[in-house]
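The values are calculated or read from the model by the stated rules, or taken from the named source; none is laboratory data. It should be emphasised that the depicted structure is a prediction, and the values quoted were computed from it without experimental measurement. With ideal geometry, Cβ positions are generated from the backbone for all residues, glycine too; neighbour counts draw on all protein chains shown.
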Amino acid sequence: MSSATPDKRVPSYIDPTKPSIARVYDAFLNGTDNYEVDREVVRSVKKAAPEAADLAVENRAFLIRACRFLAGQSGITQYLDCGSGLPTAENTHQVVQRINPDSRVVYVDNDPLVLAHSRALLEEDESTVIVSEDIFEPERLLQNEVVRSKLDWNEPIALLHMGTLHHYNGEEARSRKDIMRAYIEALPSGSYVAISHFLDPEDEYSATARKMEDMFLHSMMGSGTFSTRAELEELFNGLEIVAPGLVQCVDWWPDGPRLKQLNAAQRCIAGGVAGKP
């Protein structure tokens with residue numbers, strides 16, 4: 001599938017002069033819902049690591065495996081997917097509802113293209129909705145009328161922050177750990193949290209991680225921080241992390257034995273799932 005979207009057909013609610021996180025991920029995945037400004041970000045990051053598209057590929061694969069685990073093993077039927085991104089194959093609601101048709105999913109995003117595409121996809125799905133909120137303002141998001149009414153906050157909820165927190169740039173005002181603490185405190189007992197994040201592996205691939213980070217931060221997108229494993233563990237704020245722990249996404253319950261060596265990008269994104277007692 002070609003990633004070249006004719007930029008002349010731009011909806012009025014889209015600014016094609018500024019990259020969008022959702023559209024950049026789409027471009028990494030060879031999607032068609034992106035513009036030249038988004039593809040330029042992808043090209044710049046690939047200068048640091050030619051296989052950088054695997055950051056998006058492994059993030060998506062981890063999301064799918066984590067959702068299968070949550071739907072099949074945890075008994076949870078409620079999902080709050082923050083920063084859901086553009087719809088693609090195997091979206092959260094499709095994965096969990098295939099295993100448990102009673103599952104309800106609330107997607108949250110504030111990208112106009114994501115909102116438009118998701119609402120069209122979910123038009124006839126009463127169990128799944130999308131709301132427009134800033135995922136880095138948890139107190140406001142958690143008071144959203146749809147979020148409050150669609151999910152039962154007396155029962156366990158699975159909170160997903162997949163490939164989102166590394167795009168938060170407000171560390172001076174409020175840390176990512178503070179943001180996650182606000183979410184976690186609001187979750188009922190028995191809930192789960194799943195997070196994926198760009199990783200500085202602190203080994204021979206650390207230099208590549210920092211080069212990719214530099215390309216992200218100095219692109220027009222201006223976000224994409226790589227953190228150490230210790231820094232990422234803090235995001236779970238004392239939750240009980242499910243085995244195998246916080247690991248490279250590709251190593252979180254893979255679908256089969258590994259036949260190939262990991263490339264730099266695969267070593268530079270990590271994920272984990274944790275439960276709230």
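Screening S84, S44, S20 for residues that are touching a strand residue (DSSP E or B) at 6+ places or on another chain (Cβ under 7 Å) and of a type in the set (S, T, N, Q) leaves exactly one candidate, S84. Here is the figure for the range 108-117: residues that are out of contact with any Leu (no Cβ under 8 Å at 6 or more places or on another chain) and outside any loop (DSSP other than H, G, I, E, B) total 3. Of the residues making up the range 22-41, just one is in a helix (DSSP H, G or I) and hydroxyl-bearing (S, T, Y), namely Y25.
Scanning the range 243-277 for residues being exposed (fewer than 14 other Cβ atoms within 10 Å of the Cβ) and part of a helix (DSSP H, G or I) gives a total of 0.
Set side by side, the residues V273, V193 differ, and just one is farther than 16 Å from P138 by Cβ and modelled with pLDDT of 95 or more, which is V273.
The condition (being assigned to a helix (DSSP H, G or I), touching a residue at least 40 places away in the same chain (Cβ under 8 Å) and of a type in the set (A, V, I, L, M)) is satisfied by just one residue among A207, A182, A194: A182. Per the conditions (1) without any contact (Cβ under 8 Å) to a residue 24 or more places away in the chain; (2) in a strand (DSSP E or B), the sole criterion not satisfied by G238 is (2).
If you go through the range 158-210 and pick out every residue that is at positive phi and within 18 Å of the chain's Cα centre (by Cα), you end up with 1.
Apart from one condition, M221 fits all of (1) surrounded by 16 or more Cβ atoms within 10 Å (Cβ to Cβ); (2) at pLDDT 95 or above; (3) of a type outside the set (D, E); the exception is (2).
In the range 43-63 there is no residue that is free of Cβ contacts under 8 Å to residues at least 24 places away in the same chain, within 21 Å of P112 (Cα to Cα) and over 15 Å from the mean Cα position of the chain (by Cα). A count restricted to the range 119-156 and to residues that are in contact with a Ser or Thr (Cβ under 8 Å, 6 or more places away or on another chain) and either in a helix (DSSP H, G or I) or exposed (fewer than 13 other Cβ atoms within 10 Å of the Cβ) (or both) stands at 0. The residue pairs whose first member lies in the range 16-30 and is at positive phi, whose second member is polar (S, T, N, Q) and assigned to a loop (DSSP other than H, G, I, E, B), and whose beta carbons are closer than 7 Å, counting only pairs six or more residues apart or on different chains, are N30/S3. For Q73, the conditions (1) under 21 Å from C249 (Cβ atoms); (2) more than 16 Å from the chain's Cα centre (by Cα); (3) assigned to a loop (DSSP other than H, G, I, E, B); (4) not aliphatic (A, V, I, L, M) all hold with the exception of (3). Remark: V57 matches the filter, which requires a residue to be out of contact with any Asp or Glu (no Cβ under 9 Å at 6 or more places or on another chain) and either closer than 29 Å to I241 by Cα or in a loop (DSSP other than H, G, I, E, B) (or both).
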